[in-house]
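Please read the structure below before turning to the comments.
Computed from the coordinates by the stated procedures, all read-outs in this text should not be read as laboratory data. Please read all numbers here as calculations on a predicted model, not as lab measurements. Every residue, glycine as well, gets a Cβ built from its backbone with ideal geometry; the counts of neighbours run over all protein chains shown.
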Amino acid sequence: MRSTEEQVVRLSQLPKGKKAIIRQHEDSDFQLTLMEMGCIPGEPVWVEMIAPMGDPMAIQIAGYYLSIRKKDADRVWVAETEAG
């Protein structure tokens with residue numbers, strides 16, 4: 001039987017290859033920009049690559065790849081999925 005409780009973490013904490021669902025954004029000046037780029041609550045996201053020094057990271061979202069700085073990924077909360 002599956003637990004209904006989900007693990008919610010910051011997007012910046014997901015390892016390469018991990019999939020998740022965007023749950024919410026922290027309030028910031030960049031919040032609207034993220035949403036315009038497809039980072040909206042309920043949207044699946046997949047971590048494609050992480051730069052050698054950990055910043056930036058490339059994510060797959062809404063059918064395309066997006067490079068995002070770690071400080072901006074820190075403001076996006078996601079629920080990890082079992083797949084990936």
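The table that follows gives values for the structure above.
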| item | result |
| --- | --- |
| Calculated from backbone phi, Karplus (6.51, -1.76, 1.60) coupling profile of the stretch 28-42 in Hz, x at Gly/Pro | 6, 5, 8, 4, 5, 4, 4, 5, 5, 8, x, 7, 10, x, x |
| Tyr65-Met35 pseudo-label distance in nm [points 7 Å out on the Cα-to-Cβ vector] | 2.8 |
| Rh by Kirkwood over Cα pairs, then Stokes-Einstein D for the chain at 0.692 mPa s and 37 °C, µm²/s | 257 |
| Mean Cα-pair separation over length for the chain, i.e. relative contact order, pairs under 8 Å, 6 or more apart, % | 43 |
| Stretchable slack from Glu6 to Gln24, in nm (0.36 nm times residue separation minus alpha-carbon distance) | 5.1 nm |
| Ranked list, fewest to most other Cβ atoms within 10 Å of each Cβ, for Ile22, Ile59, Ile40 | Ile40, Ile22, Ile59 |
